[in-house]
Amino acid sequence: VMSRRKGSFQVKSENRKTIWNTEEVPEGSEFDDTWDPREQPEYQILFKQCVGTEDVFFGMSRKDPSTACCEDIVIKIKLPGAKYSDITLDIQDKVLDLRTPKKKLLLHLPYRVDSKNGKARFLSEEETLEVTLRVSRMFDFINFV
């Protein structure tokens, strides 16, 4: 509910006892557990882009080497001593939540992703979990035809 006084807008709270507005709470904060003693694993975020010869040699598409033109985000997480069965992974639109008995990672992703169609594989020789997520942007159908 908004009221107008002397040229300025004032937002009135629906419930006077609320401390903050729901829009002010960052996405993924429900996963945040500051009292959890598990340490954060080492991780790396990479961006993946599908390019063809028309992109590389002729520059025919609108793609450039920036992260804004990448289709996938690849997160590589080092999990020494972990087994595949120990890993719990939850992906939301902008949050990756990983838990093992010894490690915990709450990662706010740089772009919104398609949380329903990601891929994860555990490379046991390297003790690394590799998560590939498709970036979900509003106007990709226009930019990347």
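Read-outs throughout are calculated quantities, based only on the coordinates presented, and are distinct from any laboratory measurement. Remember, it's a predicted structure, so these values are computed and weren't measured experimentally. With ideal geometry, Cβ positions are generated from the backbone for all residues, glycine too; neighbour counts draw on all protein chains shown.
Between ALA120 and TRP35, what length in nm is gained on full extension when 0.36 nm per residue of separation is reduced by their alpha carbon distance?
27.8 nm
Give, as a single signed number, the net charge of other residues whose beta carbon lies under 14 Å from the beta carbon of PRO80, with Lys and Arg counted +1 and Asp and Glu -1.
The answer is 0.
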